[in-house]
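Asker: Quick one: the structure is below, and I'll ask about it shortly.
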Ligand SMILES: [Zn+2]
């Protein structure tokens with residue numbers, strides 16, 4: 001019997017369903033290969049989307065792993081774990097993307113993420129910066145609000 005606590009076990013329904021990042025692709029064809037180490041995001045936008053989906057599915061290790069080492073605090077994992085179960089993510093809108101393509105080393109993605117805390121709807125409007133580390137896209141930091 002598959003064990004739901006096994007981080008590498010993927011329920012069939014989850015693979016087949018629409019990706020939480022709202023790309024209109026199946027999770028299996030979108031963020032899932034990144035979450036399970038089968039592929040790496042080629043663009044900053046892909047990484048951003050996969051991090052949103054990782055918050056959605058509460059894949060804490062992926063969030064730590066995809067944070068740039070220069071801005072990754074020693075307590076990052078504990079900090080994420082402290083809040084991740086309080087937040088229910090409901091929608092992602094990519095507002096704009098600058099650079100962050102395959103050949104780039106840096107990129108910016110502006111997005112609005114909707115979520116619920118205690119049943120009340122909130123919005124996170126962030127301009128995130130991404131930077132490659134050893135050839136892989138990582139989240140550097142973000143500015144919240146307008
Ligand atoms: Zn996705």
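Asker: Order of 48, 32 from fewest to most other C-beta atoms within 10 Å?
Answerer: Working: 48 29, 32 20.
The fewest-first ordering by Cβ neighbours comes to 32, 48.
Asker: Using a 10 Å cut-off around each Cβ, can you sort 81, 110, 123 from fewest to most neighbouring Cβ atoms?
Answerer: If I rank by nearby Cβ atoms, fewest first, I get 123, 81, 110.
Asker: Order these peptides, 125-131, 93-99, 65-71, by their mean beta-carbon neighbour count within 10 angstrom, highest first.
Answerer: 125-131, 65-71, 93-99
Asker: Right, something else. Rounded to the nearest 0.05, what FRET efficiency do residue 141 and residue 26 give with R0 = 30 Å and r taken as the Cβ-Cβ distance? Could you check? Don't jump to the answer; show the numbers that get you there.
Answerer: Details: r = 31 Å, r/R0 = 1.03.
Efficiency, from the Cβ-Cβ distance: 0.45.
Asker: To continue, here is another question. Using 0.36 nm times the number of residues separating residue 13 and residue 76, minus their current alpha carbon distance, what extension gain do you get?
Answerer: Gain on extension, residue 13 to residue 76, equals 19.6 nm.
Asker: What's the extension gain from residue 36 to residue 134 if we count 0.36 nm per residue and subtract their Cα-Cα distance?
Answerer: Using 0.36 nm per residue and subtracting the Cα-Cα distance, I get 33.4 nm.
Asker: Below 8 Å, C-alpha to C-alpha, sequence gap of six or more: please give me the relative contact order for the range 12-144 in percent. Write out the running numbers ahead of the final one.
Answerer: Values: 237 pairs, mean separation 28.0, N = 133.
Averaging sequence separation for qualifying contacts and normalising by length gives 21 percent for the range 12-144.
Asker: Rank these for me by crowding, 137, 9, going from fewest to most other beta carbons within 10 Å.
Answerer: Working: 137 29, 9 10.
Neighbour counts put them in this order, fewest first: 9, 137.
Asker: Next question, about the same structure. As a check on your grasp of the helix formula, calculate [θ] at 222 nm for the chain: sum -39500 (n - 2.57) over DSSP H runs of n ≥ 4, divide by the residue count, round to the nearest 500.
Answerer: Here the helix-only value at 222 nm equals -7000 deg cm²/dmol.
Each value in this text was obtained by applying a stated rule to the coordinates, not by laboratory testing. These numbers come from a predicted model, not from an experiment. Here the Cβ is made from the backbone with ideal geometry for all residues, glycine too, and neighbour counts use every protein chain on show.
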